[in-house]
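Scroll down for the structure; my scribbles are underneath it.
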Amino acid sequence: MVSEVGGNIGLAVPVVLDTDPGIDDAVALMLALASPGEIDLVGISTVGGNIGRQGTFENAHRLLQLFGREGVPVGFGWGVEADTPAARHIHGMDGLGETGLPLSGEPEKIPSVELMARLAAAHAGRLNLVAVGPLTNVAALLREFPESKGQISRIVVMGGAVKRSGNVTPSAEFNIYKDPESAAEVFASGIPLLLVPLDATLKALFPPGRLARFDSLRSPQGEFFRRLLRFHFKASKEALSLEGSFLHDPLAVAALIAPELLKCEPVHCVVETRGEWTRGMTLCDFRHGSKKRKTPNIEVAVDADGEGFLDLLCERLMAFLSNFED
Ligand code: BDR
Ligand code: CA
């Protein structure tokens, strides 16, 4: 698809979003839908994470119905049925900030791995997989459909913490901590992989003041977005003493829209699966100049232009949500 959006002329990249919605997952999906010049969203692969897998599957459908994009296929994924109390607190009992978004019908459950395999074959050599939940589905895809390895162009992963503490334990970030074995398999797969860790996402605190720009919106979609973020602000204040909230997942989507927002470097990175205190740690070899330094196997975003990202996010979302106004 050749298209023109916001002055950008180019080829939109086919993208599958592997996700566990999740408040910031919902915002990541909105950013993808708001960016047709760069992103052709060909499918959503849901996975258990922030809430159980039944809930994340239904939430993906709720969001697509709200935004009138029911044509995007949704996979039903692996992962826990149950949830994590801390994630419930940050994302709400329903995973979407207790916004009470309705779901109509009973969506068909295509397995996520089958959907991804089909889309990888259909877009061989071009498909970008943006994974913003635990990597359970992605590892299962590579195991069950090994031919996908040669078909996926790149995997962008929101996860890990490479030069700083994690957010679940001092050493581990949520998405990796939830399923370190799968993450280890994906990192070692040889598929080009860009890791967008907390080191980058924590550069962009969305302050409550930025939401004022969306006050004029009257549509259910605009109202939903405000309620989603207000819930996240309140939960982030209670749990983390923050004035505002970190929206991790949309930064991984932004990597496809405006890669210059991220400062990336190639590095060798492994996932700790056995450590008593370090399970889920993303251990990177930053021994620059040393002969012992291991050959890089991934790229990692070690820094980000937080304000630039928030500007892009707000501009795209405002333009997207304005489409739903009368
Ligand atoms: C990640 O954990 C989840 O709670 C968020 O959706 C994000 O993907 C951040 O650590
Ligand atoms: Ca997520």
Considering each residue of the range 75-112, count those that are modelled with pLDDT of 95 or more, in contact with a helix residue (DSSP H, G or I) (Cβ under 6 Å, 6 or more places away or on another chain) and within 21 Å of SER182 (Cα to Cα), and give that number. 4
Among the numbered criteria (1) within 16 Å of ligand 2 (Cβ to nearest atom); (2) outside any helix (DSSP H, G or I); (3) surrounded by 24 or more Cβ atoms within 10 Å (Cβ to Cβ), which single criterion is violated by ASP94? (3)
Checking SER182 against (1) touching a helix residue (DSSP H, G or I) at 6+ places or on another chain (Cβ under 9 Å); (2) within 21 Å of ALA304 (Cβ to Cβ); (3) more than 14 Å from ligand 1 (Cβ to nearest atom); (4) not aliphatic (A, V, I, L, M), which single condition isn't satisfied? (2)
Matching residues in the range 248-262 (in a helix (DSSP H, G or I) and within 16 Å of ligand 2 (Cβ to nearest atom)) number 7
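Restricting attention to the range 171-196, and to residues there that are assigned to a loop (DSSP other than H, G, I, E, B) and over 21 Å from LEU242 (Cβ atoms), which single residue is nearest to ligand 2 (Cβ to nearest atom)?
Within the range 171-196, the subset assigned to a loop (DSSP other than H, G, I, E, B) is 171-173, 179, 188-192.
Checking the rest, the ones that are also over 21 Å from LEU242 (Cβ atoms) come to 171, 179, 188-192.
Numbers: SER171: 19, ASP179: 13, ALA188: 22, SER189: 20, GLY190: 25, ILE191: 20, PRO192: 21 Å.
Ranking the qualifying residues of the range 171-196, first place goes to ASP179.
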Can you tell me which residue is surrounded by the fewest Cβ atoms within 10 Å (Cβ to Cβ) among those in the range 205-260 that are among the hydroxyl-bearing types (Ser, Thr, Tyr) and more than 16 Å from ALA34 (Cβ to Cβ)? SER241
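Out of all the residues in the range 273-316, which are under 28 Å from LEU256 (Cβ atoms) and among the charged types (D, E, K, R)? Spell out how you get there, then give the answer.
Initially, the range 273-316 is screened for residues under 28 Å from LEU256 (Cβ atoms), giving 280-286, 288, 294-316.
Across the range 273-316, the qualifying residues are ASP285, LYS294, GLU299, ASP303, ASP305, GLU307, ASP311, GLU315, ARG316.
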Tell me whether the range 77-88 contains one or more residues that are part of a strand (DSSP E or B), away from ligand 2 (no atom under 12 Å from the Cβ) and not charged (D, E, K, R). no
Restricting to the range 187-206, and then to whatever is closer than 24 Å to ALA120 by Cβ and touching a strand residue (DSSP E or B) at 6+ places or on another chain (Cβ under 7 Å), can you tell me which residue is nearest to ligand 1 (Cβ to nearest atom)? VAL196
Condition (residue is in a strand (DSSP E or B), closer than 24 Å to PRO21 by Cα and under 18 Å from the mean Cα position of the chain (by Cα)) applied to the range 263-281: is it met by at least one residue? no
Just checking, does the range 153-175 include any residue being over 23 Å from GLU265 (Cα atoms), of a type in the set (Gly, Ala, Ser) and more than 16 Å from ligand 1 (Cβ to nearest atom)? no
Residue by residue through the range 85-126, note down the ones that are under 19 Å from the mean Cα position of the chain (by Cα) and among the acidic types (Asp, Glu). ASP94
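For the range 21-38: of the residues being assigned to a loop (DSSP other than H, G, I, E, B) and more than 9 Å from ligand 1 (Cβ to nearest atom), which is surrounded by the fewest Cβ atoms within 10 Å (Cβ to Cβ)? Steps first, please.
Taking the range 21-38 and keeping what is assigned to a loop (DSSP other than H, G, I, E, B), we get 21-22, 34-38.
Remaining after also requiring more than 9 Å from ligand 1 (Cβ to nearest atom): 34-38.
Working: ALA34: 24, SER35: 25, PRO36: 15, GLY37: 19, GLU38: 21.
Among those residues, the one meeting the criterion is PRO36.
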Might you let me know whether the range 104-124 holds any residue that is within 13 Å of ligand 1 (Cβ to nearest atom) and out of contact with any Pro (no Cβ under 8 Å at 6 or more places or on another chain)? no
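Rundown of residues vs (1) part of a loop (DSSP other than H, G, I, E, B); (2) more than 16 Å from ligand 2 (Cβ to nearest atom), yes/no style:
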| site | (1), (2) |
| --- | --- |
| GLY133 | yes, no |
| VAL157 | no, no |
| ARG164 | yes, yes |
| THR169 | yes, yes |
Within the range 14-35, how many residues turn out to be more than 9 Å from ligand 2 (Cβ to nearest atom) and in contact with a His (Cβ under 6 Å, 6 or more places away or on another chain)? 1
In the range 164-178, anything farther than 11 Å from LEU198 by Cα and of a type in the set (A, V, I, L, M, F, W, C) is listed as VAL168, ILE176
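Counting just the residues of the range 135-152 that are hydrophobic (A, V, I, L, M, F, W, C) and in a helix (DSSP H, G or I), which one comes out farthest from ligand 1 (Cβ to nearest atom)?
Step one: list which residues in the range 135-152 are hydrophobic (A, V, I, L, M, F, W, C), which gives 135, 138-142, 145, 152.
Next, only the ones that are in a helix (DSSP H, G or I) stay: 138-142.
Numbers: VAL138: 14, ALA139: 16, ALA140: 18, LEU141: 19, LEU142: 20 Å.
Out of the qualifying residues, it is LEU142.
The values are calculated or read from the model by the stated rules, or taken from the named source; none is laboratory data. These figures come from a predicted structure and were not determined experimentally. Here the Cβ is made from the backbone with ideal geometry for all residues, glycine too, and neighbour counts use every protein chain on show.
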